[in-house]
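Here's the structure, in structure tokens; my notes come after.
Derivation of every value follows stated rules applied to the coordinates shown; laboratory data play no part. Just so you know, these numbers come straight off a predicted model, no measurement behind them. In this analysis, Cβ positions are derived from the backbone assuming ideal geometry, glycine residues included, and neighbour counts consider all displayed protein chains.
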Amino acid sequence: RDFNERCAQCSEVNWGLTDGGRFYCRSCHNVTERTREVVNTDFITNSRVQTISKGSRKQEKNGGGSEWYICEGFQLVLKKQVEALEALGVSSQMKDEILCNFWRCYLQKSKQAYCKRPAGKAVKALSVCESSTDVDSDPERPSLLHLLSLSESEGDLQTDCSFASSVSKVSESTSVYSGSVDGSLYLMKSQKEKLRMTMPMTLSFCYMTLLWMREPITLSELLRYVVEGHIPYLNVFQHFPEKMKLCGLDLKIFCVESWPVYEEVFNKMHELAAFLDLPRFPDITESCFLHPDMLCMKYLMEANLPDELHNWTCRVVKKIGIGEVDFLTLVPGNKSTRKVKYDVLAAAVIVVVLKLLFLLDDHYEWLLSEHAEERNKNNTEDGPYFEFKKWYEVVKHSLDVQQKKLDEERAKYLWRCEKPLFYSVKNKAKVLKRRQMVVNLQNQFGKLSGSVQRAEKPNPSSFQLSWSEKNTDGSCFHRHSLKGILQEKRGLLTAMNPDYWLCTVKLCNEKLCGHLAHYKEVEFPQSYHFVLGLFSFLLRVQPSYIHDEVCMIEHKLFNKKLYKKLKYNTVLRK
Amino acid sequence: SSNEHKLNFKKSKEACLSFIQDALLQKEWKRAAEFLTCYIESLEKDYSREHIGPSEMIWRTGAEILWHHSQSSMKEFSCFMEQMKTLGVKRYLKVCLEHVFHLLCNGQIDEAYQNLSLAESWRFGEQTAIQDKEMKLIQAYRGLLDYYSWFKQKSILLEHSEDGFSDSAVEQEMHGYFRKAAVNLKEIIKIPGVWDIFVKCYVDLLEFYGDHNEARQVLNEYAYNSKFPANPNAHVYLYQFLKRQREPKKSLISALKILHDIVPSHELMIDFNTMLQKSKKRKKRRLGLEVIFAALDYAGWKENAKAWSCLARQVKQIVISEKHLDWIKQEWNSRKDWWPAFHFSRYLAKRNWQENKSLSYEKALVAGILLGKGCKYFKYVSHQGCKAQLKRFRMLKKFVNRHNPVYLRISG
């Protein structure tokens, strides 16, 4: 139309416009990233994919594939994820409004779409039928191996020898770099600028949206659902439409071979929120699921601890101010406040409360338990008093069983999907042959696995451990009373335990070493380790992660005393 | 950093593998199969950097499972092995060999032979040279099966000749097998190693066709070439051969000498002692005593009446001649602290008497001489024997009583 530049590839001026709003040269089908500025604000998630697919019929020579861009792929991934979340009960607002706005904003800010001029010159990306001369002529084109090494090493994809060896033969035959148009470019971009999209980041998007909507799903739950298969992540690319051919470098981007960890997704989310220049998120108030009081209630139930402990957690929360709206609500870009991990925080509060009441020094809690046991013998009218020992035995047993199950499940993960993947055409025959053998062997041994069939995917459940009060064996401690370990003092019920030990006297500088403290199991009491382990299992994070939060809470709680002590120390030193 | 605990493909498969191994150790074949099914997809990843790759793991664990699993058949096993052969060129011959072993264990001699022939004709560039050792083994086993065929033909031939007719066809076949077998067996035993079965078969062939010199050479090499690992059986084979050849005692004795050094508890020590006892040379007789005492140091010989009779005979002979009592003293010196409890307890006296009177007789004689007439064992057995009015026990008692001073000299 009014675009008069010469095409970079064939020097013609013969432009057409794809329905997605991009200019393509009608002579040589070089698609640029120049777009017409999109005026309409209606955002239909699938529109770009569909229009590109409808594109030029000449693309048939690619074997039925059409051009597609990496961000389109991610868009599809997000769509699938959001649909799954909807199936789990999340409001449809997530898909229709919030996430797509976030995504659009991201595309704009990272200059992948919806902008006047994309950064850099027109992309002459390596697409499927790149001719050999082009490949050789551009001296700036990075070698394939270089591209592979740039992205974080996900699994062993880069050690595929056959792929590496095909690099050397690039000049001889057409090797397929990537099915997508900008696969190689994507990997080339340096990570610092523009926040390149990755698979773990899709979860950051989801979490960010959930947080904005204040949905009752914590990050640890989200990640657990992902691992359990309720939210597509691994091999989600197999749901891409046929025309989006995935090969070569695309695999590096979309095929993950590890489960993302909490820390990774969490940190990325905050980076993303800042990058998108989002305003203050909707307030997290006391009635929100993510408020520590609420989450503590949930985790106390799940940990089979007495409901009465909730009073204590609320007290701690109030005392150190972590229930305040301003503390809990996310303000992107504010570097001075510590980012709140709602679930880990709540778990840490419970741990602190347990320390307050039971000390957890491998000695006192057992004494207290015996004491409670004694009192229980004479106890006829009230409900049973809580005995730490009994609780420990019951919970440890369940935990061991569940942990063993989890370990076996982890060992049995099937990572490969049914769609075989190959880097290049040369590679294809070998891959298919190998795949055939794998399928044969799986069948052979699958038959010998006996009646133990692969269990059906368990229904998504918010609770991993559940305790029923209907059990007559006394294995549910919710209704137990803390009276056994409390005493009356001046009309108030206080803990019998007068002591407390700090996990650490001095907090580390988080910005320097990434942690507030460094947890080593051997340096701490077994009971403490057990309690950390319990929540570590429930939240699927490392014990040290929770330990950091515990340290943080303790320092807030005992701030005055510590301050005095430090001051005293400095005086001494002088 | 925090990514170390990240669960990724590699870690997941490592965990899977250790579950497989645990299940195999516990002989839980179904469980092992279950985990192996999940492990198999690691074939689609490249592990060329690793020392042992998934294909080898799958081969070894899969073979174990299929061999033991109740629902698996030999056909499935063979099918699996064929697939494994295609998985790793560097292991091709090894897999072939293992497959052959399994077939042999299952009695499928013909299939085994076919597989060996097929493997023998395999060529794969430089791999053929690299896998030279495995190739020699394959040829050796084929030679072994040829020997087996030869043996069968020989049996048929003997049967027929007994019945009166000669069968030249069978004979020709037999010779054919001999040639094939001999060629391959000869090759493998040149390489230092433990080749008991090959040696035995080859020697058998040579003896049948009258090539005793070659046989002798082969056995000597096998027993005495220092490049070969120390192997008691080599000496046993040599000894047996020399015996068959009616060699003089001298060479028989020298063949068994090394065996005594390596395995003092070997069953041939009885033969050895018997030969040595009869020797005219003093040194040999002395050695004989040493040999029999050494054998009886082992728990497995405690109830061996023959061994005790050898010792008894020799001890008796020495006592009567009153020469070389110091030999007994020397032998007894290192044993007097523990042999009494080991061999001559009252409990054993009772048990030996109940179970085996001859054994108790021989032992009582030895005990009486070594420990004197007052020792528990002798007293009990001789008492019982006399009570039962068995003549020899009365003689025994007399003998020991008469020679009691000897005990004093020995123990002093």
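Some notes on this structure:
- CD proxy at 222 nm, helix term only [per DSSP H run n ≥ 4: -39500 (n - 2.57); per residue of chain B; nearest 500]: -23500 deg cm²/dmol
- Cα-centred dipole magnitude for chain B, charges only on beta-carbon of K, R (+1) and D, E (-1), debye, nearest 20: 4120 debye
- From phi via Karplus (6.51, -1.76, 1.60), per-residue ³J(HN,Hα) for the range A:527-532 in Hz, x at Gly/Pro: 5, 5, 4, 4, 5, 4
- Anisotropy class of the range A:312-429 from Cα gyration tensor, a/c 1.5 cut: oblate
- Using a Förster distance of 35 Å, the FRET efficiency for residue B:152-residue A:443 (Cβ separation, nearest 0.05): 0.30
- Helix B:168-188 vs. chain B, principal-axis angle (Cα, 0 to 90°, nearest 10): 90 degrees
- Highest mobility in the GNM of chain B, judged by mean-square fluctuation with C-alpha springs under 10 Å and restricted to B:44, B:303, B:290, is found for B:44.
- Taking B:367, B:169, B:307 as the candidate residues, the one with maximal mean-square fluctuation in a Gaussian network model of chain B, Cα springs under 10 Å, is B:169.
- Note on B:67-80: average number of Cβ atoms from other chains within 10 Å of each residue's Cβ is 2.
- Each part gets one Cα centre, and for the range A:490-563 versus the range A:251-309 those centres are 20 Å apart.
- Computed from label points 7 Å out along Cα-Cβ, the spacing between residue B:303 and residue A:381 is 7.6 nm.
- Global form of the range B:58-150, assessed from the alpha-carbon gyration tensor, a/c cut-off 1.5: oblate
- In Hz, Karplus ³J(HN,Hα) per residue of the range B:376-390 (6.51, -1.76, 1.60; θ = phi - 60°; x = Gly, Pro): 4, 4, 4, 4, 5, 5, 5, 4, 4, x, 5, 4, 7, 6, 8
- In this structure, the amide hydrogen of residue A:235, modeled 1.01 Å from its nitrogen in the peptide plane, lies closer than 5 angstrom to those of A:256, counting only residues at least 5 positions away or on a different chain.
- By the rule of a C-alpha distance below 16 Å, with chain neighbours fewer than 8 residues away ignored, the lysines paired with residue A:335 are A:268, A:511.
- For chain B, the residue among B:381, B:255, B:177 whose Cα projects farthest onto the positive side of the dipole built from Cβ charges is B:381.
- Gaussian network model of chain B, Cα within-10 Å springs - most flexible of B:272, B:241, B:393: B:393
- Surrounding net charge for residue B:351, when Lys and Arg each add one and Asp and Glu each subtract one, Cβ distance under 14 Å: +4
- For residue A:385, the residues whose amide H sits under 5 Å from its own are A:481, ignoring neighbours fewer than 5 places away on the same chain, with H placed 1.01 Å from N.
- Calculated P(r) tail over 26 Å for chain B, as whole % of Cα pairs: 69 percent
- Across A:80/A:243; A:428/B:136; B:302/B:387; B:306/B:329; A:355/A:396; B:306/B:350, pairs whose alpha-carbon gap is larger than 27 Å: A:428/B:136
- On Cα atoms only, tilt of B:132-163 relative to the major axis of chain B in degrees: 60 degrees
- Gap separating the Cα centres of the range B:354-412 and the range A:81-101, nearest whole Å: 99 Å
- Protection-proxy order for peptides A:365-378, A:211-224, each taking the mean of Cβ atoms within 10 Å per residue, highest first: A:211-224, A:365-378
- Computing FRET efficiency as 1/(1 + (r/R0)^6) for residue B:280 and residue B:175, where r is the C-beta to C-beta distance and R0 is 45 Å, gives about 0.45.
- Nearest-0.05 FRET efficiency for residue B:74 and residue B:390, computed from C-beta distance (R0 45 Å): 0.15
- Local electrostatic count at residue B:341 - Lys and Arg +1, Asp and Glu -1, tallied over other residues with Cβ under 13 Å: +4
- For A:433-445, mean number of other protein chain Cβ atoms within 10 Å: 6
- Folded to 0 to 90 degrees: helix B:92-105 orientation relative to chain B principal axis, Cα: 50 degrees
- Placing dummy labels 7 Å off each Cα toward the beta-carbon, the span from residue A:560 to residue A:318 is 1.6 nm.
- Average beta carbon contacts from partner chains per residue of A:541-552, 10 Å cutoff: 1
- Placing unit charges on the Cβ atoms of the charged side chains and taking the dipole of the range B:217-277 about its Cα centre, the candidate lying farthest along the positive direction among B:245, B:218, B:265 is B:245.
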